[in-house]
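Enquirer: Quick one: this structure, given as structure tokens, is what I'll be asking you about.
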Amino acid sequence: MVKEQYNKIRERIEAACRRVGRDPSEVTLVAVSKTKPPEMLLEAYEAGARNFGENKVQEILEKQPLLPEDIRWHMIGHLQTNKVRQIVDRVCLIHSVDSVKLARAIEKEASARNLSVPILLEVNVAREESKFGFFLEETEAALDEIAALPHLQVRGLMTIAPFVENAEENRPVFRKLYQFFIDMKRKKADNMNINVLSMGMTGDFEVAVEEGATMVRVGTGIFGER
């Protein structure tokens, strides 16, 4: 079942790209595997998945040794500063840098190990109280401050849009972040190479792709309900 679902999501991404004249190779599908057993991840891997997203540090630590080495692990959940040490050398991208304090904690750990850590800044576009992230008007200043940290690579932006019944309701959220993303791409700094826009999940990833997402995070659509 996982293989079929994974392939179906890929087809839907390709169709969304065609509708707006984009190349499907511009969009990375991150299979969100939180709470799922390694056997299910292996099924997705056999269907071609190489990018897996986890919400909890502990799950990455437990699953990583049991699965193929060429998997690229993404930390997509809220990251506590006291967990940075465990994760900093195990993931290809931290999507959820939601404060300068967290960025400094990652910098400190990366510096100690002489690592360069790719990150995204999490932006709370819809200003939801239940969500983490920078408000849009704070993000540019935060980018400038974080880009000055020598062991971080600022690769782009991430958002978690509101949960809605109709995905179209999130189109303005995605459009607003895409416009900001384009503005930020023009900025020049030593540790900033903005080319990743991580937005869109199972319920709204097609709209996100139509609005410029370069990375979508799909869990339920691939693995089923938790």
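Enquirer: For the pair GLN86 and ILE182, how long in nm is the line joining their label points, each one 7 Å along Cα→Cβ?
Expert: Spacing of the two 7 Å Cα→Cβ label points: 4.1 nm.
Enquirer: For ILE194, what charge total do you get from the other residues with a beta carbon under 11 Å from its beta carbon, if Lys and Arg give +1 and Asp and Glu give -1?
Expert: Net charge around ILE194: +4.
Enquirer: Just subtract the alpha-carbon distance of THR35 and LYS3 from 0.36 nm times their residue separation and send over the number in nm, one decimal.
Expert: Full extension of this stretch gives 9.7 nm more.
Enquirer: Extent of region 133-202 along each principal axis, from alpha carbon coordinates, in Å, largest to smallest?
Expert: If we take the Cα atoms of region 133-202, the spans are 42, 20, 19 Å.
Enquirer: Could you pull out the longest piece of the chain with no exposed loop GluC sites (Glu not before Pro) in it, calling a site exposed if DSSP puts it outside H, G, I, E, B and it has at most 16 other Cβ atoms within 10 Å?
Expert: 1-68
Enquirer: Report relative contact order for the chain in percent, whole number only (criteria: Cα-Cα under 8 Å, sequence separation at least 6).
Expert: About 21 percent, as a whole number.
Enquirer: With the Cα gyration tensor of region 2-223 in hand, give its eigenvalues times 5 under a square root as the equivalent ellipsoid semi-axes, listed largest first in whole angstrom.
Expert: So the equivalent ellipsoid measures 25, 23, 15 Å along its semi-axes.
Enquirer: State the antiparallel share, in %, of DSSP beta bridges confined to region 2-223, rounding to the nearest 5.
Expert: In region 2-223, approximately 5 percent of DSSP beta bridges are antiparallel ones.
Enquirer: What number comes out for the charge environment of ARG50, summing +1 per Lys or Arg and -1 per Asp or Glu over other residues with Cβ under 12 Å away?
Expert: Around ARG50, the surrounding residues sum to -2.
Enquirer: Another question about this same structure. Please order ASP144, ASP98 by the number of other Cβ within 10 Å, starting at the fewest.
Expert: Arranged by neighbour count, lowest to highest, ASP144, ASP98 become ASP144, ASP98.
Enquirer: Let me ask another. How would HIS74, HIS151 line up from fewest to most surrounding beta-carbon atoms within 10 angstrom?
Expert: Values: HIS74 27, HIS151 18.
Listed from fewest to most nearby Cβ atoms, that is HIS151, HIS74.
Enquirer: I would also like to ask the following. May I ask for the net charge around THR28, where only other residues with Cβ less than 14 Å from the Cβ of THR28 are counted and Lys, Arg are +1 while Asp, Glu are -1?
Expert: Here the charged neighbours net out to +3.
Enquirer: Moving on. Among GLY200, GLY21, GLY212, which one shows the biggest mean-square fluctuation in a GNM of the chain, springs joining Cα atoms closer than 10 Å?
Expert: The residue with the greatest mean-square fluctuation here is GLY21.
Enquirer: Turning to a different aspect of this structure: Can you show me the helix-derived [θ] at 222 nm for the chain, built from DSSP H runs with n ≥ 4 at -39,500 (n - 2.57) apiece and divided by the number of residues, rounded to the nearest 500. Display every interim value, and only then the final one.
Expert: Details: 9 runs with 89 residues, N = 226.
Roughly -11500 deg cm²/dmol at 222 nm, from the helical runs in the chain.
Enquirer: Note down the nm distance, to one decimal, between modelled labels 7 Å out along Cα→Cβ at ARG104 and at GLU62.
Expert: 3.3
Enquirer: Springs between alpha-carbon atoms under 10 Å, Gaussian network over the chain: tell me which of LEU93, LEU66, LEU42 tops the mean-square fluctuations.
Expert: For the chain, modelled as a Gaussian network with Cα springs under 10 Å, the answer is LEU66.
Every number here is computed from the coordinates shown, using simple stated rules; none is lab data. As the structure is a prediction and not an experimental result, all values here were calculated from the model. A quick note on method: Cβ atoms are made from the backbone with ideal geometry, for glycine too, and the neighbour counts reach across all protein chains shown.
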